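Peer 1: Handing you this structure, nothing more for now.
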Amino acid sequence: MALRSVDARGRACPEPVLLTKKALAASPEGVQVLVGNSTSRENVRRFAEARGYKAEIREEGEDFLLIITR
Amino acid sequence: MGGKKGIALVGALVGALAVALVAFGNPVNMGICIVCFIRDTAGALGLHRAPVVQYIRPEIIGIALGAWLMSLRGGDFRVRGGSAPFTRFILGFFVVVGALMFLGCPLRMVLRLAGGDLTAVFGLLGFTAGILVGVAFLNRGFTLGRTYSLPKGEGYLFPAVQVVLLILLVAGPAFIFFSSEGPGSLHAPILVSLLAGLIVGAGAQRSRLCMVGGIRDLVLFKDSHLISGFLAIFLVALVGNLVTGNFRLGFSGQPVAHTDWLWNFLGMLLAGLGSVLLGGCPLRQIVLGAEGNADSVITVLGMLVGAAFAHNFGLAASGAGATANGKLATIIGLIVVAAVGLLNTERAEVSVKGEVQVGS
């Protein structure tokens, strides 16, 4: 099953984490989040891990895709 | 330096350098103050003519260049912009109006607290209140939209301007104003200030240190990452002030501060709210600008113009207290910034790969 996706590229702090939080509330099984810089990547990863999720990070050109699952 | 230890270490370094800069000649409890120093630079360039606050502060130049070099090294230099630049200019303007009502940016607020200045407690309460209001806006979907990639050259202009400012400082041509008395005349040697700035900028870039992000993330996500930097600055500056004899506990007679609690509160309420809507405190805006974020450069320009207005029209407070014009400007600022927070709300979230979602 495809995970719910969030495009948080180019968003200022703390919007990528907030969008991830809202998406996870709607889809507790997991989400994938696309971010455009390392600050957002680390913030989203830290948030996911604090909530007991695993975060797999893939580089997609200039961007990062975080696959967040239980 | 990405972890919590890293950011606490950078915070400790900032606290120590701030104390050292005072020992080397900067005004007391003003080792580093982003807003005050932008204000001084505005004065040196003749954008305002308040004779006591005119000096091109090398700390700001160093912070920008240090952050720029570190972002190049770490692959974080990404040239981007287009996220409501004029709105950010206005927010930057009013963050400075609020901060100059209080007499300090969020970083100097921490340094004032660490110097025993109890009037800054009202600033901290206002700052926290402003962040809480900002968090409420964020929770109902506030956004200024996303940035997009811009040509590389755009990103090199901000560091280039810093080099020009450094040349003007060292050369000291007749059209640059330097205070002969007041806070603007108190400064560490250029090389010491520049070096401290470079270290702060590099560390702040690497660790993403942000004064407003600490309380914000704690409230929003129960995330204590950024607040550990905030606390480290306070603790190290506190110890440093005790050691160097610059700790004086009390309300009255504090250096470059006033005792008007209501306006200390409201000034930092405005600065805190504006900073949350901008996504970072004044220090963070300089670092982001150096990393290639053109919107943050525009924000810094808004801060520069705000500082010039604050001293041209008597908006900035002084040791004698708040001015009538300053009170009016702070109220106007609160209305404008609240309107920005209310009007820039996004309901539907954009998704990748065709899924459509509706935000709650």
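The values are calculated or read from the model by the stated rules, or taken from the named source; none is laboratory data. Computed from a predicted structure; not experimentally measured. Here Cβ is always computed from backbone atoms with ideal geometry, including for glycine, and neighbour counts include all displayed protein chains. Just the protein is used for accessible areas: all its heavy atoms, side chains included, with ligands, DNA and RNA removed. Shrake-Rupley method; radii C 1.70, N 1.55, O 1.52, S 1.80 Å.
Peer 1: For B:T128, tell me the accessible area in Å² from a 1.4 Å probe, rounded to the nearest 10.
Peer 2: 40
Peer 1: Given the protein assembly as shown, what whole percent of its Cα pairs are spread farther than 43 Å?
Peer 2: 9
Peer 1: Moving to a separate point now. Mind putting a number on the dipole of chain A about its Cα centre? Charges go on the C-beta only, +1 for Lys and Arg and -1 for Asp and Glu, and I need it in Debye to the nearest 20.
Peer 2: 320
Peer 1: Next up: Once R0 is set to 41 Å, what does the formula 1/(1 + (r/R0)^6) return for the Cβ-Cβ distance between A:L65 and B:K5, expressed as a FRET efficiency to the nearest 0.05?
Peer 2: Computed FRET efficiency for A:L65 and B:K5: 0.90.
Peer 1: Give me the 1.4 Å probe accessible area per residue for the protein assembly as shown, excluding ligands and nucleic acids, in Å².
Peer 2: Normalised by residue count, the accessible surface of the protein assembly as shown is 37 Å².
Peer 1: Using only Cα positions of chain A, each an equal point scatterer, no hydration layer, compute I(q)/I(0) via Debye at q = 0.20, 0.25, 0.26 Å⁻¹ and quote the log10 values to two decimals.
Peer 2: -0.68, -1.10, -1.19
Peer 1: Still on this structure, please answer the following. In terms of solvent-accessible area of protein heavy atoms at a 1.4 angstrom probe, what is the ranking of B:F265, B:F37, highest value first?
Peer 2: Heavy-atom accessible area, descending, gives B:F265, B:F37.
Peer 1: Roughly how many whole Å is it from the C-alpha centroid of the stretch A:21-37 to that of the stretch B:221-294?
Peer 2: That distance is 32 Å.
Peer 1: While we're here: Considering Cα pairs under 8 angstrom that are at least six residues apart, work out the relative contact order of chain B and quote it in whole percent.
Peer 2: Once divided by the residue count of chain B, the mean separation gives 36 percent.
Peer 1: Counting protein heavy atoms only and a 1.4 angstrom probe, how many square angstrom of accessible surface do chains A and B bury in total, to the nearest 100?
Peer 2: Rounded to the nearest hundred, the buried surface is 2500 Å².
Peer 1: Across peptide A:14-24, how many C-beta atoms of other chains are within 10 Å of each residue C-beta, on average?
Peer 2: That works out to 5 on average.
Peer 1: Let me ask you something else. Could you state the orientation-averaged shadow area of the convex hull built on the Cα atoms of the stretch B:8-62, in nm² to one decimal?
Peer 2: It is 3.9 nm².
Peer 1: While we're here: Provide the solvent-accessible area of A:E42, counting protein heavy atoms only and rolling a 1.4 Å probe, rounded to the nearest 10 Å².
Peer 2: 50
Peer 1: Can you give me the span-like helices of chain B, meaning DSSP H runs with 24 Å or more of Cα extent along the axis and Kyte-Doolittle mean at or above 1.0?
Peer 2: Membrane-span-like by this criterion, though nothing is claimed about a membrane: B:4-23, B:85-102, B:119-139, B:152-171, B:190-207, B:225-244, B:261-278, B:294-312, B:324-343.
Peer 1: Per residue, what volume in Å³ does the convex hull of the Cα atoms of the stretch B:106-247 enclose?
Peer 2: Taking the convex hull of the Cα positions in the stretch B:106-247, it is 176 Å³ per residue.
Peer 1: Once Lys and Arg get +1 and Asp and Glu get -1 on their Cβ, which of B:F102, B:I32, B:I7 lies farthest toward the positive end of the dipole of the stretch B:1-121?
Peer 2: Value: B:I7.
Peer 1: Would you compute, from DSSP H runs of 4+ residues alone, the mean residue ellipticity of chain B at 222 nm, taking -39500 (n - 2.57) per run and dividing by the full residue count, rounded to the nearest 500?
Peer 2: Here the helix-only value at 222 nm equals -21500 deg cm²/dmol.
Peer 1: I would also like to ask the following. What is the list of residues in the stretch B:182-217 whose amide nitrogen lies under 19 Å from a point 7 angstrom out from the Cα of B:L72, following Cα to Cβ?
Peer 2: B:194-207
Peer 1: Run the paramagnetic zone check for B:V161: 7 angstrom along Cα to Cβ, then residues of the stretch B:65-83 with backbone nitrogen under 18 Å.
Peer 2: Answer for this model: B:65-69, B:78-83.
Peer 1: Just flag the chymotrypsin sites (Phe, Trp or Tyr not before Pro) in the stretch B:119-180 sitting in loop per DSSP whose Cβ has no more than 14 other Cβ atoms within 10 Å.
Peer 2: Loop-located and lightly packed - B:F175.
Peer 1: What pairs from B:K222/B:K327; A:K22/B:K222; B:K152/B:K222 go past 27 Å between their alpha carbons?
Peer 2: B:K222/B:K327; B:K152/B:K222
Peer 1: Any idea what the relative contact order of the stretch A:4-69 is, in percent, if you count C-alpha pairs under 8 Å spaced at least 6 apart?
Peer 2: 34
Peer 1: Per residue, what volume in Å³ does the convex hull of the Cα atoms of chain B enclose?
Peer 2: Expressed per residue, the convex hull around the Cα atoms of chain B is 125 Å³.
Peer 1: Now for a separate question. For the protein assembly as shown, which whole percent of the accessible surface, found with a 1.4 angstrom probe, sits on carbon and sulfur atoms?
Peer 2: With neighbouring chains kept in place, the figure for the protein assembly as shown is 67 percent.
Peer 1: Are there cysteines in chain B with no second cysteine's Cβ under 4.7 Å away, and if so, which?
Peer 2: B:C105, B:C210, B:C281
Peer 1: Calculated FRET efficiency, B:L235 and B:R347, Cβ-Cβ r, R0 56 Å, to nearest 0.05?
Peer 2: So, using R0 = 56 Å, E works out to roughly 0.85.
Peer 1: Still on this structure, please answer the following. Treating the angle as unsigned and between 0 and 90°, give the value, to the nearest 10°, between the Cα long axis of helix A:15-26 and the longest Cα principal axis of chain A.
Peer 2: Helix A:15-26 sits roughly 20 degrees off the main axis of chain A.
Peer 1: So if I average 1/r over every pair of distinct C-alpha atoms in the stretch B:237-303 and take the inverse, what Kirkwood radius in Å does that give?
Peer 2: About 14.5 Å, per the Kirkwood formula over Cα pairs.
Peer 1: Let me check something: with ligands and nucleic acids excluded, how do A:D63, B:D295 order by accessible area (1.4 Å probe), largest to smallest?
Peer 2: Correct descending sequence by accessible area is A:D63, B:D295.
Peer 1: Report, in deg cm²/dmol and to the nearest 500, the calculated mean residue ellipticity at 222 nm for chain A, where each DSSP H run with n ≥ 4 adds -39500 (n - 2.57) and the sum is divided by the residue count.
Peer 2: Helices in chain A give a 222 nm mean residue ellipticity of -11000 deg cm²/dmol.
Peer 1: Sticking with this structure for a sec: Can you give the FRET efficiency to the nearest 0.05 for B:S252 and B:L168, using r as the Cβ-Cβ distance and R₀ = 35 Å?
Peer 2: Efficiency for this residue pair is about 0.35.
Peer 1: On full extension of the chain, what length is gained from B:F86 through B:S185, given 0.36 nm per residue of separation minus the C-alpha to C-alpha distance?
Peer 2: Here the segment from B:F86 to B:S185 would lengthen by 32.3 nm.
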